[in-house]
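Colleague: I am attaching a structure below and will ask some questions about it afterwards.
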Amino acid sequence: LVGRIDEVTPARARRFLERNDGPVAWRFRARWLDELAERRAWAQYHAFDTGGGGARRQCLSLRAQRAASGVDATWLDAARDLWVVGYSQPDACNPVFAELYQRDALTAEQRWQRVERSLRNGERQLARWLRPRLAPADRPWLDHWLDVTASPRAALRDPNFDTATQRGADLVAYGLRRVAAHDREAAAGLLATFVADGTLQKARGVRLQRAIALQAAYSRDADAGERLRDLPGSAVDDHVREWQARVAVGEQDWERVRAAVADLPDELRRKPEWRYWRAQALRRTGHGGLARAILAEIAERRSYYGFLAADALGRPYAMNHDAPAVVPERRDALLARPGIRRARELLALNMRPQARSEWIHALRDVDQPTRAQAALIAADWGWYNRAIHTANAAGLHDALDLRFPIGYRETISAAAQAAGIDPALAL
C-alpha cells in the first residue's frame with residue numbers, strides 16, 4: 001500500500017486499518033495521513049486522525065479541524081500553544097500561524113513572550129525574524145536584549161534601557177547570568193551595583209548570588225568554596241549543600257567534608273557516594289575504625305563507590321549477580337504471541353527497527369515476571385540491545401548477563417588482538 005500510496009482510496013485504507021493493529025498499522029496510518037495532507041484532503045485527514053504526535057502532526061490536525069468544523073476558541077488555544085515556543089516550528093505550522101495573524105489572535109504579551117523565550121534559548125535569528133510581529137513599543141526592547149545577549153558585560157556596565165521597569169530588571173538578571181558563565185568576579189561586582197541602586201530587589205539579588213556561586217562550583221573555581229560559604233541562609237538549599245560537600249572533597253579539606261556531609265539531608269547522606277566520602281574524611285581525621293566499618297558496608301554492593309570502597313579495603317568487588325530462572329509456561333506463552341513471532345521473523349531478515357516496534361508493542365501490557373522471560377528470550381536470540389532494555393524495564397538490575405552481555409566474542413577478540421588491546425576494553 002505504501003509503495004502505491006498515491007493510488008490508495010480512503011475505503012481501502014480504512015479496511016486495512018480495521019484488519020490490522022500495532023506497529024504496521026501505525027506506520028501505515030502515519031504515511032496515509034501524510035498522503036492526505038499532500039492531497040489537501042482535509043476532511044479525510046480529520047476522519048483518519050487519532051491525535052498525538054509532534055508539532056508537525058499537531059499542526060496538520062489543526063488544519064484538518066479547521067476545514068472540517070471551522071475555528072473555535074479551543075482551536076485558537078491549541079494554535080497559540082504551538083506558537084509561543086522558543087524555537088522554530090515545522091513548515092506545516094505556517095498556515096496555522098497565518099490564521100492567528102489574520103485574526104489578530106496573539107496579544108502583545110504573547111508575541112513578546114515568544115521573542116524572550118527564543119533569546120533565552122539561543123535562537124537570536126528567530127527573535128530577529130519575529131521583530132515585525134512585535135508591538136512597536138516592544139521592538140526597542142528586542143534590540144536591548146540582543147545587545148545584552150551579544151556583549152552582556154559591556155551592555156550592563158552602561159545600560160541604555162530603563163532598568164527601573166520590570167522588563168529592565170529581567171534583562172539585567174538575564175545579562176548577569178550570562179556574565180557569570182564566564183567571569184564570576186565581574187558578575188558579582190555588577191550584581192552588587194544593581195542591588196545597591198535598587199534595580200534588583202534583595203530577594204532576586206540573593207538568587208543571583210546563589211547562581212554565581214554555583215557556577216563557580218560547577219567550573220571548579222579556586223574561590224568556589226568561599227562563594228558558597230558566603231551565601232545567606234535563604235539561598236542555601238539541598239543543591240547548594242551538596243555542592244558545598246563536593247567542593248570540600250575537591251579541595252581535600254577533610255574536616256569540612258565531614259561537616260558538609262553531616263549537613264546533607266538524610267536521602268543524600270545515605271547514598272553510597274556520600275557515605276564513601278564521609279568514610280574517607282573520617283579516615284583522614286583519625287577515625288580509621290569507623291571509616292573501615294562504613295567502607296565495608298558500601299563494598300558489599302555493586303556500584304562505583306562500592307568498587308572504590310573495595311579498593312580501599314583491598315577486597316574483591318561484590319557483583320551481586322542474580323539471574324532470573326526460565327519459567328517454561330510463561331516463556332511458551334510469550335513465544336506464541338503474534339507480535340513476538342513477527343519480531344523474531346523480522347529480526348531474522350535484519351529488519352531491526354520493525355522488529356523492535358513489534359517487540360515493544362507485544363510487551364506493552366505484560367507484568368514484570370513475563371517481561372523478565374522476554375529478556376531471556378531476547379538474549380537467547382542474540383538480540384542484545386533488546387535484552388538490555390527489557391531486563392532494565394523488568395527491574396532486573398542484578399541480572400548482569402542480561403544487562404551487560406558479552407556478544408560477538410570471536411569478532412571482538414580477533415579485532416582486539418589485531419589492534420593490540422585488551423578485549424575487555426573493546427567490550
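The values are calculated or read from the model by the stated rules, or taken from the named source; none is laboratory data. This is a predicted model, so every value here is computed, not measured. Please note: Cβ atoms are built from the backbone with ideal geometry, for glycine as well, and neighbour counts cover all protein chains shown. Just the protein is used for accessible areas: all its heavy atoms, side chains included, with ligands, DNA and RNA removed. Shrake-Rupley method; radii C 1.70, N 1.55, O 1.52, S 1.80 Å.
Colleague: Could you look through region 17-45, keep only residues that are of a type in the set (K, R) and in a helix (DSSP H, G or I), and pick out the one that is farthest from C59 (Cα to Cα)? Let's see the steps before the verdict.
Modeller: First, pick out the residues of region 17-45 that are of a type in the set (K, R): 19, 27, 29, 31, 39-40.
Next cut, in a helix (DSSP H, G or I) only: 19, 27, 29, 31, 39.
On the way: R19: 28, R27: 19, R29: 16, R31: 16, R39: 16 Å.
Looking at the filtered set, the residue picked out is R19.
Colleague: It is to be established whether one or more residues within region 330-347 are in contact with a Phe, Trp or Tyr (Cβ under 6 Å, 6 or more places away or on another chain) and closer than 29 Å to D253 by Cα.
Modeller: Checked against the condition, which is being in contact with a Phe, Trp or Tyr (Cβ under 6 Å, 6 or more places away or on another chain) and closer than 29 Å to D253 by Cα, region 330-347 yields no hits at all.
Colleague: I've got another one for you. Do we have any residue at all in region 191-206 that's open to solvent by less than 50 Å² (accessible area, probe 1.4 Å), under 22 Å from N121 (Cα atoms) and touching a residue at least 12 places away in the same chain (Cβ under 8 Å)?
Modeller: Within region 191-206, none of the residues are open to solvent by less than 50 Å² (accessible area, probe 1.4 Å), under 22 Å from N121 (Cα atoms) and touching a residue at least 12 places away in the same chain (Cβ under 8 Å).
Colleague: Here is a check on your reading of the model: is R167 surrounded by fewer than 19 Cβ atoms within 10 Å (Cβ to Cβ) and part of a helix (DSSP H, G or I)?
Modeller: Details: surrounded by fewer than 19 Cβ atoms within 10 Å (Cβ to Cβ): yes; part of a helix (DSSP H, G or I): yes.
Against the criterion (surrounded by fewer than 19 Cβ atoms within 10 Å (Cβ to Cβ) and part of a helix (DSSP H, G or I)), R167 qualifies.
Colleague: If only one of V247, V179, V240, V172 is β-branched (V, I, T) and open to solvent by 10 Å² or more (accessible area, probe 1.4 Å), which one is it?
Modeller: V247
Colleague: Quick one: count up the residues across region 120-130 that are surrounded by fewer than 17 Cβ atoms within 10 Å (Cβ to Cβ) and outside any loop (DSSP other than H, G, I, E, B).
Modeller: So the answer is 5.
Colleague: Right, another one. In region 227-237, which residues are in a helix (DSSP H, G or I) and surrounded by 12 or more Cβ atoms within 10 Å (Cβ to Cβ)?
Modeller: Of all residues in region 227-237, those in a helix (DSSP H, G or I) come to 227-229, 233-235.
Scanning region 227-237 gives R227, L228, R229, A235.
Colleague: Of all residues in region 173-189, count the ones that are outside any loop (DSSP other than H, G, I, E, B) and either touching a Ser or Thr at 6+ places or on another chain (Cβ under 6 Å) or under 19 Å from D221 (Cα atoms) (or both).
Modeller: Kept after step one, since they are outside any loop (DSSP other than H, G, I, E, B), are these residues of region 173-189: 173-180, 184-189.
In the following step, the residues that additionally are either touching a Ser or Thr at 6+ places or on another chain (Cβ under 6 Å) or under 19 Å from D221 (Cα atoms) (or both) were identified as 176-180, 184-189.
Selection size over region 173-189: 11.
Colleague: Here are the criteria: (1) charged (D, E, K, R); (2) open to solvent by 40 Å² or more (accessible area, probe 1.4 Å); (3) closer than 30 Å to N121 by Cα. Tell me which single one R63 does not satisfy.
Modeller: Evaluating R63 over (1) charged (D, E, K, R); (2) open to solvent by 40 Å² or more (accessible area, probe 1.4 Å); (3) closer than 30 Å to N121 by Cα leaves (2) as the failure.
Colleague: Still on this model: Just to verify a result, which residue in region 86-104, among those that are without any contact (Cβ under 8 Å) to a residue 24 or more places away in the chain and in a helix (DSSP H, G or I), is most open to solvent (accessible area, probe 1.4 Å)?
Modeller: Kept after step one, since they are without any contact (Cβ under 8 Å) to a residue 24 or more places away in the chain, are these residues of region 86-104: 91, 94, 97-98, 102, 104.
Then keep just the ones that are in a helix (DSSP H, G or I); that gives 91, 94, 97-98, 102.
Numbers: D91: 123, N94: 82, F97: 13, A98: 47, Q102: 154 Å².
Residue satisfying both the conditions and the ranking: Q102.
Colleague: If I filter region 400-422 down to residues being assigned to a helix (DSSP H, G or I) and among the acidic types (D, E), which single residue comes out as most open to solvent (accessible area, probe 1.4 Å)? It would help to see each step written out before you state the result.
Modeller: Of all residues in region 400-422, those assigned to a helix (DSSP H, G or I) come to 400-403, 409-419.
Checking which are among the acidic types (D, E) leaves us with 401, 410.
Working: D401: 85, E410: 159 Å².
My answer is E410.
Colleague: Could you tell me which residue of region 12-40 is modelled with the highest pLDDT, considering only residues that are over 11 Å from L1 (Cβ atoms), open to solvent by 30 Å² or more (accessible area, probe 1.4 Å) and of a type in the set (A, V, I, L, M, F, W, C)?
Modeller: By that ranking, first place goes to A30.
Colleague: So if I check each of A296, A222, A291, A259, which one is closer than 30 Å to R184 by Cβ, part of a helix (DSSP H, G or I) and either modelled with pLDDT of 95 or more or not polar (S, T, N, Q) (or both)?
Modeller: Numbers: A296 fails: closer than 30 Å to R184 by Cβ; A222 fails: part of a helix (DSSP H, G or I); A291 fails: closer than 30 Å to R184 by Cβ.
Just a single option satisfies the conditions, and that option is A259.
Colleague: I've got another one for you. For region 286-324, which residues satisfy the criterion of being under 35 Å from the mean Cα position of the chain (by Cα), of a type in the set (A, V, I, L, M) and open to solvent by 70 Å² or more (accessible area, probe 1.4 Å)?
Modeller: Scanning region 286-324 gives a single hit, M319.
Colleague: For region 363-392, give me the residue count where each residue is surrounded by fewer than 16 Cβ atoms within 10 Å (Cβ to Cβ) and either part of a helix (DSSP H, G or I) or not hydrophobic (A, V, I, L, M, F, W, C) (or both). Don't jump to the end; show me each part of the working.
Modeller: Step one: filter region 363-392 for residues surrounded by fewer than 16 Cβ atoms within 10 Å (Cβ to Cβ), giving 364-365, 367-369, 380-382, 385, 392.
Narrowing the set further to residues that are either part of a helix (DSSP H, G or I) or not hydrophobic (A, V, I, L, M, F, W, C) (or both) leaves 364-365, 367-369, 380, 382, 385, 392.
The qualifying residues number 9.
Colleague: Of a type outside the set (A, V, I, L, M), more than 29 Å from A43 (Cβ to Cβ), under 28 Å from the mean Cα position of the chain (by Cα) and open to solvent by 70 Å² or more (accessible area, probe 1.4 Å), is that true of R117? Explain how you work it out, then say what you get.
Modeller: On the way: of a type outside the set (A, V, I, L, M): yes; more than 29 Å from A43 (Cβ to Cβ): yes; under 28 Å from the mean Cα position of the chain (by Cα): yes; open to solvent by 70 Å² or more (accessible area, probe 1.4 Å): yes.
The answer is yes for R117.
Colleague: Six or more apart or on different chains, Cβ under 8 Å: which pairs go from a residue in region 408-425 that's of a type in the set (S, T, Y) to one that's in a helix (DSSP H, G or I)? Could you list them?
Modeller: Going by the 8 Å Cβ cut-off, the qualifying pairs are S413/P423.
Colleague: List every residue pair whose Cβ atoms sit under 6 Å apart, with the two residues 6 or more apart in sequence or on different chains, where the first one lies in region 111-125 and is touching a residue at least 60 places away in the same chain (Cβ under 8 Å) and closer than 14 Å to W83 by Cβ and the second, anywhere, is charged (D, E, K, R) and crowded, with 19+ Cβ neighbours inside 10 Å.
Modeller: No pair meets every condition.
Colleague: Now, a different point. State which residue is farthest from P159 (Cα to Cα) when the search covers only region 178-190 and only residues that are touching a residue at least 24 places away in the same chain (Cβ under 8 Å) and over 31 Å from the mean Cα position of the chain (by Cα).
Modeller: Our first condition is that a residue be touching a residue at least 24 places away in the same chain (Cβ under 8 Å); within region 178-190, this holds for 178-181, 183-184, 186-188, 190.
Applying the additional criterion that residues be over 31 Å from the mean Cα position of the chain (by Cα) yields 186, 190.
Numbers: A186: 15, L190: 11 Å.
That would be A186.
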